[in-house]
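Undergrad: One structure, as structure tokens, below. Some questions next.
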Amino acid sequence: MKRVSARTANAAIWILLLTMPYWMGAIGGYTELATRVIVLGLAAMALNFLLGFTGVLSFGHAAYFGLGAYGAAMTIKYIVPSTPLAIVVGVAVGTLAAAIIGALIVKLRGVYFAMVTIAFGQVFYFITFRWNSVTGGDDGLTGWHRQPLDLGFAQFPIGTNDKAFYYFALVLFAVAVGMMAILLRSPFGRTLLAIRENERRARFLGIPVERHIWMSFVISCLFASLAGTLYSLLSNFTDPRALHWSLSGNFVIMAVLGGMRSFWGPLLGAAIFVVLQDYVSSHTENWMSVIGLSFVLVVLFFPRGVLGIIKRRIAA
Amino acid sequence: MTQVLLFNVFNGLIVGAFYALMALGLSLILNLSGVINFAHGGFLAIGAYLAYSLMPFIGFWGALLVAPFLTAAIGLAVERVLIRRLYGRDPLYSLLLTFGLAYILEDATRYIYGAQSVPYPIPGWLTTPLSAQFFFLTGYRLFMVALVGIAVTALFLILNRTRLGMRIRAGTLDLETVSVLGVNVRILRNLNFGLGIYLAGLAGVLAAGMLGLQPTIGTSLIMPSFVAIIIGGLGSLPGTLLGGLLIGVASGITTVFFPSATEAVMYIMMGIVLLVRPRGLLGEEGRTQ
């Protein structure tokens with residue numbers, strides 16, 4: 001019975017995602033907003049791989065997201081105008097940085113891990129902020145465009161058509177999410193859950209905890225930087241705010257808002273957050289207060305997130 | 001060249017003193033309650049703007065005296081109403097709550113005082129350079145260094161010589177035992193939070209005089225404070241002080257030789273410290289777990 005309902009839920013989610021550009025307009029949105037939901041949703045789900053399923057508190061994922069964004073943008077602008085190559089380079093840059101920084105921090109835990117991850121994120125922020133001639137500094141990197149996709153047998157106009165780009169992003173989203181799901185079901189994923197539940201016991205069982213946390217960190221950052229590449233391709237623009245620690249905080253709140261302990265929770269959280277932010281920032285100048293207040297309210301009243309509450313209701 | 005270097009070292013020392021003042025408050029709260037107070041920068045801004053609002057009525061010295069205490073009072077109330085509920089829960093939640101609070105505080109100051117930077121008037125005799133050769137040695141800068149020195153000394157005296165300080169130090173090591181011995185831990189944590197916020201308020205008033213007032217004044221100082229804590233060593237207040245001064249001076253020196261790396265240098269230092277000595281310069285072993 002439970003398996004069947006999980007399968008229906010999955011099917012419903014994919015149907016909603018596949019048709020999103022067509023009903024987003026009906027509820028007052030637009031295609032770009034739909035793309036933003038899946039891109040930021042991917043980033044939040046990537047973070048949750050670490051946060052919810054490994055139990056490691058990372059607060060600096062914007063750094064890898066932003067490195068992906070800049071990697072992709074700079075590839076198209078300076079090296080070769082090819083969208084797939086831009087994505088490959090962006091992901092490689094973000095993952096490499098994560099592998100190096102991850103090695104420095106795997107021994108830290110809890111709040112200290114959070115503090116160090118936030119602080120390290122700022123390095124890349126200042127590099128992009130200061131290195132004007134290459135990164136465009138505070139004004140951001142403009143003067144480049146995502147390119148149409150040419151697979152030889154078929155051409156896709158993702159460069160100009162918003163819907164085409166949505167489906168392009170959705171394909172990558174599906175691949176990334178599928179890989180995360182497979183990883184979480186594998187023995188490796190089960191080991192991560194064991195570390196989350198009881199690190200000491202996992203260590204007694206002979207599990208190399210540090211190595212697993214490092215791997216989980218790198219995998220999580222890999223998908224976060226993939227989301228970053230899509231984010232800059234979406235708007236044909238990127239600026240240092242894509243690396244700023246406030247964005248890291250937004251990723252965490254997305255994961256918590258939707259439900260950290262459920263696989264799809266962060267996507268739901270991202271959808272709520274993106275739509276709320278879009279709505280509030282077009283209606284009031286004080287959108288920061290509204291977003292900040294929503295942080296406080298979520299923590300005080302919905303710490304389990306929306307899906308956490310729903311699951312509880314069903315179980316009761 | 002020597003003069004430029006000297007100027008930047010001195011400047012770095014002042015900036016480092018700010019970082020240290022901020023970081024000491026953060027460290028106090030983190031050590032006793034396990035809460036990373038992201039809103040610390042917001043409280044710093046409150047201190048600065050309160051002083052700005054009070055100054056027409058009670059003058060520069062009055063504002064300097066009163067504003068940090070008012071900030072601390074707001075801090076006590078915030079701890080009482082919001083943060084207290086989150087002790088003992090996953091640190092993730094207090095992080096998120098104070099993060100949201102930081103957004104609200106920054107937006108509120110922008111709403112009330114406007115996004116533009118406003119100058120913060122300081123007494124004329126403090127702004128004149130003390131010597132023609134060392135033009136950067138204004139009275140205000142020396143005064144700031146002296147005041148930070150006094151504040152830090154007072155803090156360590158409170159921690160080492162008073163009953164409250166003894167309890168805070170004991171609670172940092174083992175809060176449960178302190179509670180069993182009959183100390184009211186709720187009040188202890190509340191006062192400790194207030195003490196930390198007082199330091200933020202004081203840093204705010206001083207920073208206002210040097211940098212002028214703008215709503216983002218606090219957010220730009222919070223990351224270096226994190227770095228100061230990590231470099232100095234988790235759980236060690238002298239370490240935090242050392243860390244703050246160290247990164248301040250290091251950025252000052254870097255400004256001379258490689259200006260575009262002014263901000264990045266402290267993060268590189270943090271990376272080196274984590275690589276060579278993960279517990280920080282003066283940190284105790286085992287506190288990073």
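Just so it is clear, none of the values below were taken in a lab; they were calculated from the coordinates. Here the structure is a predicted model, which means the values were calculated and not measured. Glycine gets a Cβ as well: all are built from the backbone with ideal geometry, and neighbour counts include every protein chain shown.
Undergrad: For A:Leu149, what residues show an amide H to amide H distance below 5 Å, using hydrogens built from the backbone and excluding near sequence neighbours?
TA: A:Phe156, A:Ile158, A:Gly159
Undergrad: Here is a follow-up. Kindly write out, for segment B:151-158 in residue order, the coupling ³J(HN,Hα) from the Karplus curve 6.51 cos²θ - 1.76 cosθ + 1.60 (θ = phi - 60°), rounded to whole Hz, with x marking Gly and Pro.
TA: Listing the rounded values in order: 4, 5, 4, 4, 4, 5, 5, 4 Hz.
Undergrad: Build a GNM of chain A with springs between Cα atoms under 10 Å: which of A:Leu40, A:Leu193, A:Leu243 gets the top mean-square fluctuation?
TA: A:Leu193
Undergrad: Using amide H atoms built 1.01 Å from N in the peptide plane, name the residues 5+ places from A:Leu141, or on other chains, whose amide H lies under 5 Å from its own.
TA: Excluding prolines and chain starts, which carry no amide H, the hits are A:Thr238, A:Asp239.
Undergrad: Shifting gears a bit: Could you give the nm distance between label points at A:Glu285 and B:Ala154, where each point is 7 Å from its Cα heading toward the beta carbon?
TA: The two pseudo-label positions are separated by 3.7 nm.
Undergrad: Highest GNM mean-square fluctuation, chain A, Cα pairs closer than 10 Å: which of A:Gln155, A:Gln277, A:Gln147?
TA: Among A:Gln155, A:Gln277, A:Gln147, the largest GNM mean-square fluctuation belongs to A:Gln155.
Undergrad: Still on this model: Could you go through segment A:291-304 in sequence order and give the Karplus-derived ³J(HN,Hα) for each residue, using 6.51 cos²θ - 1.76 cosθ + 1.60 with θ = phi - 60°, rounded to whole Hz, and x for Gly and Pro?
TA: My calculation for segment A:291-304 gives 5, x, 5, 5, 4, 4, 5, 4, 5, 6, 10, 10, x, 8 Hz in order.
Undergrad: Let me ask another. Using the Cα centre of the protein assembly as shown as the reference point, and only Cβ charges (+1 on K/R, -1 on D/E), how large is the resulting charge dipole? Debye, rounded to the nearest 20.
TA: 1960
Undergrad: Tell me which residues come under 5 Å, amide H to amide H, from A:Phe263 once H is placed; ignore anything under 5 positions away on its chain.
TA: Under 5 Å from the amide H of A:Phe263 lies no amide H from a residue far enough along the sequence or on another chain.
Undergrad: Which log10 I(q)/I(0) values does the protein assembly as shown give at q = 0.07, 0.11 Å⁻¹ under the Debye formula, counting every alpha carbon as one identical point scatterer?
TA: -0.44, -1.08
Undergrad: Over all directions, average the projected area of the Cα convex hull of chain A and note it in nm².
TA: Computing the convex hull of the Cα atoms and averaging its projections yields 17.7 nm².
Undergrad: In whole Hz, with x marking every Gly and Pro, tabulate ³J(HN,Hα) for segment B:91-101 from phi via Karplus 6.51 cos²θ - 1.76 cosθ + 1.60, θ = phi - 60°.
TA: Going residue by residue, I get x, 3, 6, 5, 4, 5, 5, 5, 4, x, 4 Hz, with x marking Gly and Pro.
Undergrad: Give me the distance between the Cα centres of segment A:59-107 and segment B:57-80, rounded to whole Å.
TA: Using only Cα atoms, the two centres lie 45 Å from each other.
Undergrad: I've got another one for you. Let me have the 222 nm mean residue ellipticity of chain A computed from DSSP H runs of 4+ only, each contributing -39500 (n - 2.57), with the sum over all residues rounded to the nearest 500.
TA: After summing the helix terms and dividing by residue count, I get -24500 deg cm²/dmol.
Undergrad: Using only Cα atoms, locate the centre of segment B:231-289 and the centre of segment A:130-177, then give the distance between them in Å, rounded to an integer.
TA: What the calculation gives is 38 Å, centre to centre.
Undergrad: Along the charge dipole of segment B:2-220, pointing to its positive end and built from +1/-1 on Cβ of Lys, Arg, Asp and Glu, which listed residue (B:His40, B:Val185, B:Tyr93) has its Cα farthest out?
TA: B:Val185
Undergrad: Evaluate the charge dipole of chain A about its Cα centre and quote only its size in Debye, nearest 20, assuming +1 on the Cβ of each Lys and Arg and -1 on the Cβ of each Asp and Glu.
TA: 1480
Undergrad: For segment A:46-204, rounded, prolate or oblate, judged on the Cα gyration tensor with a ≥ b ≥ c (square roots of eigenvalues), a/c < 1.5 rounded, else prolate if a/b > b/c?
TA: Oblate, since a/c reaches 1.5 and b/c is not below a/b.
Undergrad: Also, quick follow-up: In segment A:222-262, whose amide N lies under 20 Å from the spot 7 Å out along Cα-to-Cβ of A:Ala99? List them in ranges.
TA: Those under the cut-off are A:222-229.
Undergrad: What is the magnitude of the charge dipole of chain B about its Cα centre, with +1 placed on the Cβ of each Lys and Arg, -1 on the Cβ of each Asp and Glu, and no other charges, expressed in debye to the nearest 20?
TA: Charge dipole, chain B, about its Cα centre: 540 debye, nearest 20.
Undergrad: Can you pull the one-decimal nm distance between simple spin-label points at A:Ala26 and B:Leu6, each 7 Å off the Cα toward Cβ?
TA: Going from the A:Ala26 label point to the B:Leu6 one covers 7.6 nm.
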